[in-house]
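The values are calculated or read from the model by the stated rules, or taken from the named source; none is laboratory data. Note that the structure is predicted; figures quoted are calculated from it, not measured. Because the Cβ atoms are built from the backbone with ideal geometry, glycine has one as well, and the counts that use them run over all protein chains shown.
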Amino acid sequence: MRLDPSHTIRTPRTPGVDLPEHPDFLWRNPEPQRSYDVVIVGGGGHGLATAHYLAKNHGITNVAVLEKGWLAGGNMARNTTLIRSNYLWDESAAIYEHSLKLWEGLEEDLGYPILFSQRGVLNLAHTLQDVRDSVRRVEANKLNGVDAEWVEPDEVRKICPIVNTSTDIRYPVLGATYQPRAGIAKHDYVAWGFARRADEAGIDLIQDCEVTGFTTEGNRVTGVRTSRGDIAAGQVALCAAGHTTVLTDMLGFRVPVQSHPLQALVSELLEPVHPTIVMSNAVHVYVSQAHKGELVMGAGVDSYNGYGQRGAFHIIERQMAAAVELFPVFARAHLLRSWGGIVDVSPDASPIVGRTPYDNLFLNCGWGTGGFKATPGIGWCLADTIANNELHPTVAPFSLDRFVTGALVDEHGAAAVAH
Amino acid sequence: MQLIECPWCGPREEVEFHYGGQAHVPYPDNPAELTDEEWAHYVFFRDNTKGRFAERWNHTVGCRRWFNAVRDTTTYRFERVSRLDDPKPVTS
């Protein structure tokens with residue numbers, strides 16, 4: 001039998017076939033030198049971005065990024081890649097929107113495909129109080145130049161047809177905030193893009209190099225002790241996320257963060273079914289569909305302090321129950337794998353960035369469940385802070401001393417992950 | 001699911017409990033004399049130990065009583081539990 005030539009046989013799409021090939025070379029693997037102008041502790045997204053902008057914006061390249069494991073193998077490899085800037089307060093909108101604008105030009109800047117896809121985010125409202133808070137946040141976003149709108153349930157259905165908008169479910173969808181410029185990116189490629197650029201500029205990315213102590217002189221840190229020897233430093237920046245207090249304990253000052261496990265998971269590969277990002281505060285789940293086709297879902301934090309990079313199964317169970325109620329179409333999707341990262345949660349769900357009791361030591365932590373989206377933004381501002389030895393105005397409100405002055409930046413609502 | 005030993009009810013499933021963070025943080029003896037910095041440390045700053053950590057738990061859906069535990073924050077294994085009137089354990 002001959003087929004009509006106009007009849008095309010539909011072949012299954014090979015997942016990932018349209019993703020770009022990896023380059024042959026990404027970065028050197030140098031031996032640590034004995035001294036650097038700037039030492040960045042932590043080779044995750046924030047550390048690598050800071051290194052990149054130190055070189056690019058300030059011409060500072062005598063820099064080492066020290067990583068105790070492998071580059072970008074902590075939270076940078078474990079996040080759910082959501083990027084948005086629809087936070088409530090002016091201070092937060094400024095840093096996250098600065099970051100989002102950088103995301104929009106990042107592929108060109110890095111010369112590396114990061115698959116940034118601005119597919120929008122819906123933050124669902126399930127109760128009357130949710131609705132009021134959401135509408136308030138939309139108005140605040142607009143005043144800060146952040147694209148945001150309030151959408152009613154029928155519009156939610158148009159934007160994301162697979163969301164269950166029936167009224168008889170436990171947490172009915174009463175509407176949502178919508179930020180069209182929000183999106184996802186491929187987190188590994190982001191890290192590799194930053195790392196490659198920093199390496200090209202002559203910055204040493206040193207893996208397998210755990211900081212085991214500091215050398216200090218009065219109010220200055222003179223160097224770091226590492227598993228690969230002592231390294232002298234002109235300035236030091238801590239970008240160690242969940243392990244920040246392990247470092248600050250060595251330095252003898254306290255930071256008000258608590259490290260918690262945060263879990264996420266992916267389903268098997270599916271055909272494209274989910275066109276946007278959906279987050280829900282009330283039922284603790286946030287979902288997008290990755291480029292290859294897996295559904296990526298994040299949970300709320302595990303309640304107890306933990307450094308184990310894994311969490312309890314009942315958290316996953318609750319998260320799946322919520323996901324299936326919101327997206328009945330997911331009921332038969334198989335879970336492929338789940339994992340956990342360690343997030344450093346601050347009392348007001350805002351980051352802690354800036355000065356420390358040591359004149360030449362800068363802190364960058366407390367990003368909690370939302371650090372990935374801030375990667376280029378904080379890298380830019382922290383590099384500027386280090387280069388000028390003066391706080392970049394965008395990070396100034398996030399100082400450690402706000403817990404003494406009382407000028408908190410309470411983002412528990414917009415952080416959108418249960419803390 | 002991990003079992004947690006309530007000092008009053010015995011081993012129960014983890015979902016029955018509520019976490020209370022660092023244990024043995026006393027209310028200031030002289031609250032009226034505290035500086036802003038000292039208040040900040042009492043209100044916001046807690047140890048974030050990697051390893052053996054003395055912490056509080058509440059058996060929320062059981063006896064609803066608080067108790068203390070020593071738990072390893074890297075393995076999540078409970079080493080011991082104690083009642084609130086027991087002395088503070090040595091963790092390091």
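In the list A:Thr215, A:Thr245, which residue meets the criterion of being surrounded by 15 or more Cβ atoms within 10 Å (Cβ to Cβ) and hydroxyl-bearing (Ser, Thr, Tyr)?
Unique residue meeting the criteria: A:Thr245.
Show me the strands (runs of 3 or more DSSP E) found entirely inside region A:273-351 where at least 2 residues are within 14 Å of another protein chain (Cβ to nearest Cβ) and under 30 Å from A:His243 (Cβ atoms).
A:294-301, A:335-345
For B:Lys88, only one of the following conditions fails: (1) at pLDDT 95 or above; (2) closer than 22 Å to A:Thr245 by Cβ; (3) more than 9 Å from every other protein chain (Cβ to nearest Cβ). What is its number?
(1)
Quick test for you: out of A:Thr222, A:Thr244, A:Thr212, pick the one residue that is in a strand (DSSP E or B), within 19 Å of A:Val38 (Cβ to Cβ) and out of contact with any Pro (no Cβ under 8 Å at 6 or more places or on another chain).
A:Thr222
Take region B:76-85 and flag every residue that is surrounded by fewer than 13 Cβ atoms within 10 Å (Cβ to Cβ) and either within 14 Å of chain A (Cβ to nearest Cβ) or touching a residue at least 24 places away in the same chain (Cβ under 8 Å) (or both).
B:Arg77, B:Arg83
Quick one: in region B:1-44, which of the residues that are on the phi > 0 side of the Ramachandran plot and not in a loop (DSSP other than H, G, I, E, B) is farthest from the chain's Cα centre (by Cα)?
Per the stated criteria, the residue is B:Gly10.
Identify, please: which residue in region B:2-27 is more than 14 Å from B:Val61 (Cβ to Cβ) and of a type in the set (A, V, I, L, M) and is, among those, surrounded by the most Cβ atoms within 10 Å (Cβ to Cβ)?
B:Ala23
Conditions first: (1) within 26 Å of A:Gly406 (Cβ to Cβ); (2) in contact (Cβ under 8 Å) with a residue 12 or more places away in the chain; (3) more than 13 Å from chain A (Cβ to nearest Cβ); (4) of a type in the set (D, E, K, R). B:Asp47 passes all but one, so which condition is the exception?
(3)
Going through region A:307-324 one residue at a time, which ones are over 24 Å from B:Arg52 (Cβ atoms), touching a Phe, Trp or Tyr at 6+ places or on another chain (Cβ under 7 Å) and surrounded by fewer than 19 Cβ atoms within 10 Å (Cβ to Cβ)?
Residue satisfying the conditions is A:Val324 alone.
Return only the number of the condition from (1) within 11 Å of chain A (Cβ to nearest Cβ); (2) closer than 30 Å to B:Glu5 by Cβ that B:Arg64 does not satisfy.
The failed condition is (1).
Exactly one of (1) within 17 Å of the chain's Cα centre (by Cα); (2) more than 9 Å from every other protein chain (Cβ to nearest Cβ); (3) of a type in the set (Gly, Ala, Ser) is unmet by A:Ser259. Its number?
Condition not satisfied by A:Ser259: (2).
So which residues in region B:18-41 are touching a Phe, Trp or Tyr at 6+ places or on another chain (Cβ under 8 Å), in contact (Cβ under 8 Å) with a residue 12 or more places away in the chain, within 11 Å of another protein chain (Cβ to nearest Cβ) and closer than 16 Å to A:Pro256 by Cβ, if there are any at all?
B:Gln22
Which residue pairs have Cβ atoms closer than 9 Å, lie 6 or more positions apart in sequence or on different chains, and pair a first residue in region A:236-250 that is closer than 16 Å to A:Gly44 by Cα with a second residue that is outside any strand (DSSP E or B) and at pLDDT below 95?
Every condition considered, the pairs that remain are A:Gly242/A:Gln309.
Can you name every residue in region A:17-54 that is surrounded by 13 or more Cβ atoms within 10 Å (Cβ to Cβ), part of a loop (DSSP other than H, G, I, E, B) and of a type in the set (A, V, I, L, M, F, W, C)?
A:Leu19, A:Leu26, A:Trp27
Might you let me know whether region A:389-405 holds any residue that is surrounded by fewer than 24 Cβ atoms within 10 Å (Cβ to Cβ), within 23 Å of the chain's Cα centre (by Cα), polar (S, T, N, Q) and assigned to a loop (DSSP other than H, G, I, E, B)?
Yes, some residue in region A:389-405 is surrounded by fewer than 24 Cβ atoms within 10 Å (Cβ to Cβ), within 23 Å of the chain's Cα centre (by Cα), polar (S, T, N, Q) and assigned to a loop (DSSP other than H, G, I, E, B).
Exactly one condition in (1) crowded, with 17+ Cβ neighbours inside 10 Å; (2) within 17 Å of the chain's Cα centre (by Cα); (3) assigned to a loop (DSSP other than H, G, I, E, B) is false for A:Tyr96; which is it?
Exception for A:Tyr96: condition (3).
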